[in-house]
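Asker: The structure under discussion is supplied below as structure tokens; questions concerning it will follow.
The values are calculated or read from the model by the stated rules, or taken from the named source; none is laboratory data. A quick note: this is a predicted structure, and the numbers were derived from the prediction, not measured. No Cβ is skipped: glycine too gets one built from the backbone with ideal geometry, and neighbour counts run over all protein chains shown.
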Amino acid sequence: MKYDLIIARYGEVGLKSTKVRSRFEKKLVNNIKAAIDCDVDRNQGRIYIFPKNFDEAVENLNRVFGIVSYSPAISTYSNYEDIDKTLGEYVLNLASEGIIDEETKFAIKCRRVGTHDFTSQEMAAFCGGVVRKRILAPVDLTNPELTIFVEVRDDDTFIYHEKIPGPGGLPLGTQGKVVCLVSSGIDSPVAAYLMMKRGCEVIALYCDNDPYTSKMALENYNKLVDQLQKYAAGVPIKKRIVKYGDYLKKAKEGAPEKMTCVLCKSGMYKLAEKLANEMGALAIVDGSSVGQVASQTLDNILATRYGVDMPILSPLIGLDKLEITRIAEEIGTFEISKIDDGGCSAVPRYPETRGDLDRVIEACEAMNQDEAIEEAFKSISRNE
Ligand SMILES: Nc1ncnc2c1ncn2[C@@H]1O[C@H](COP(=O)(O)OP(=O)(O)OP(=O)(O)O)[C@@H](O)[C@H]1O
């Protein structure tokens, strides 16, 4: 089938006030243009996309947040003669692709905006006749196997039969920046993805625990962010890597061994907060999910957040591993995350699972955490 354009629909954006909506729409159009080579028109709550390469466009639109569904379509003029000709050809093309034959129960759905000398029902009935002139298929308005949509908008009419679901959410870049703590694991890339889906620009901070973790962990972080970039057209993710091995060494040497993981996480939040302040981000994001591992007990979640003033958002907090894994598979990060990169050798044999606040504060002082954070912060790569 040769299409003329793709019609994209957005959901939540349409619920905003006129001013906010216009800003969101502009951002969405910008992101669409960054994702595919195309021209774009906005009109009456729809986005009309004229891509240079249709296959690429259909694939990439699936990764542009804010789009709820989209339809490859053909266009014609809003009069009986042109609709008859264009819809007639469209149906013959559908038949040659095996989408309709004499047995296919079909319906026409007509929507109309503007002033015309026909009603939507009259046009739908006319279009039903147009189809049956080419293929004598049965009309079934209650349980159609194929629905052909005819959208009459002023002088233009659009014909399509598919509504491809988009990713939904809000256009990337409409909700401000967040610093996401992204490791090489399964969860944190999913957390970053979900925040992107809510429109947040992401700065992905990786704490490089070398020599306690392998080079492969860093490589996997890089691959994960590259995969997430496919969803970030228009507002690319910024990578930030901090050398965290010295901090961990100080934690292990200066504070009780048991406290290493609590101090590790607490330090990450503090670094993320400093980075957020430097880069104008308004929140920190991590991949915690209550009780998933020993370090993610409610006690530890509370204790590790002590001393951080910025909100720490954990979009996976109530999801279980299977649900998180399902999303990771869908977005293409699971295959990368599941590669065994050797884990972290700084993890003590018996990590603290009930880090009560007093002991955590004591441990932070014992390792001179503030100074260690200052040192680590200086090492953050700022080149991308
Ligand atoms: N090396 C790291 N760099 C940046 N953030 C990290 C790192 N390790 C852990 N985090 C953050 O802390 C959260 C919880 O840490 P935890 O050690 O349980 O994670 P993980 O199992 O290594 O990775 P994930 O939670 O991504 O599967 C992670 O989801 C991530 O947001």
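Asker: Among the listed residues K27, K19, K33, identify the single one that is touching a Pro at 6+ places or on another chain (Cβ under 6 Å) and not aromatic (F, W, Y).
Answerer: K27
Asker: May I ask you to verify whether E162 is assigned to a helix (DSSP H, G or I) and either over 12 Å from L87 (Cα atoms) or among the hydroxyl-bearing types (S, T, Y) (or both)?
Answerer: When the stated conditions are applied, E162 does not pass them.
Asker: Touching a Ser or Thr at 6+ places or on another chain (Cβ under 6 Å) and either in the same structural domain as M279 (by TED's automatic domain parsing) or charged (D, E, K, R) (or both): does that describe A217?
Answerer: Judged against the criteria, A217 is a match.
Asker: Return a yes/no flag: does region 220-228 have any residue that is under 30 Å from the mean Cα position of the chain (by Cα), surrounded by fewer than 20 Cβ atoms within 10 Å (Cβ to Cβ) and closer than 27 Å to L28 by Cβ.
Answerer: Yes - at least one qualifying residue is present in region 220-228.
Asker: Is it the case, given these coordinates, that D309 is at pLDDT 95 or above and within 13 Å of the ligand (Cβ to nearest atom)?
Answerer: no
Asker: Within region 4-51, can you find the residues that are modelled with pLDDT under 95, of a type outside the set (G, A, S) and assigned to a loop (DSSP other than H, G, I, E, B)?
Answerer: Hits for region 4-51 are D4, K16, Q44.
Asker: If I filter region 329-350 for residues that are under 16 Å from the mean Cα position of the chain (by Cα), surrounded by fewer than 19 Cβ atoms within 10 Å (Cβ to Cβ), without any contact (Cβ under 8 Å) to a residue 60 or more places away in the chain and in the same structural domain as C200 (by TED's automatic domain parsing), do I get at least one hit?
Answerer: The answer is yes; a qualifying residue exists.
Asker: D117 - would you say it is charged (D, E, K, R) and more than 19 Å from P144 (Cβ to Cβ)?
Answerer: When the stated conditions are applied, D117 passes them.
Asker: Of the conditions (1) touching a residue at least 12 places away in the same chain (Cβ under 8 Å); (2) part of a loop (DSSP other than H, G, I, E, B); (3) hydroxyl-bearing (S, T, Y), T157 satisfies every one except a single condition; which number is it?
Answerer: Result: T157 fails condition (2) only.
Asker: How many of the residues making up region 31-83 are among the aliphatic types (A, V, I, L, M) and under 16 Å from the mean Cα position of the chain (by Cα)?
Answerer: 7
Asker: Looking at C344, C264 in this structure, which one is more than 25 Å from R198 (Cα to Cα) and either away from the ligand (no atom under 14 Å from the Cβ) or not in a helix (DSSP H, G or I) (or both)?
Answerer: C344
Asker: Right, something else. For region 126-163, which residues satisfy the criterion of being touching a strand residue (DSSP E or B) at 6+ places or on another chain (Cβ under 8 Å) and among the hydrophobic types (A, V, I, L, M, F, W, C)?
Answerer: Passing the criteria: C127, V131, A137, V139, L141, L146, I148, F149, V150, V152, F158, I159.
Asker: What residue, among those in region 274-294 that are crowded, with 19+ Cβ neighbours inside 10 Å and more than 23 Å from E371 (Cβ to Cβ), is modelled with the lowest pLDDT?
Answerer: Per the stated criteria, the residue is S289.
Asker: Does region 233-247 contain at least one residue that is in the same structural domain as D358 (by TED's automatic domain parsing), crowded, with 19+ Cβ neighbours inside 10 Å and without any contact (Cβ under 8 Å) to a residue 40 or more places away in the chain?
Answerer: For region 233-247, residues in the same structural domain as D358 (by TED's automatic domain parsing), crowded, with 19+ Cβ neighbours inside 10 Å and without any contact (Cβ under 8 Å) to a residue 40 or more places away in the chain: absent.
Asker: State whether one or more residues within region 159-176 are more than 29 Å from E335 (Cβ to Cβ), away from the ligand (no atom under 16 Å from the Cβ) and of a type in the set (A, V, I, L, M).
Answerer: Scanning region 159-176, I find at least one residue that is more than 29 Å from E335 (Cβ to Cβ), away from the ligand (no atom under 16 Å from the Cβ) and of a type in the set (A, V, I, L, M), so the answer is yes.
Listed here are the residues, each with its yes/no results for (1) without any contact (Cβ under 8 Å) to a residue 40 or more places away in the chain; (2) in a loop (DSSP other than H, G, I, E, B); (3) touching a strand residue (DSSP E or B) at 6+ places or on another chain (Cβ under 6 Å); (4) hydroxyl-bearing (S, T, Y).
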residue: S289; (1), (2), (3), (4): no, yes, no, yes
residue: Q292; (1), (2), (3), (4): no, yes, no, no
residue: L302; (1), (2), (3), (4): no, no, no, no
residue: G307; (1), (2), (3), (4): no, yes, no, no
residue: M310; (1), (2), (3), (4): yes, yes, yes, no
residue: P315; (1), (2), (3), (4): no, yes, no, no
residue: G318; (1), (2), (3), (4): yes, yes, no, no
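Asker: Would you please name the residue that is surrounded by the fewest Cβ atoms within 10 Å (Cβ to Cβ), looking only at residues in region 186-217 that are assigned to a helix (DSSP H, G or I) and more than 9 Å from the ligand (Cβ to nearest atom)?
Answerer: K215
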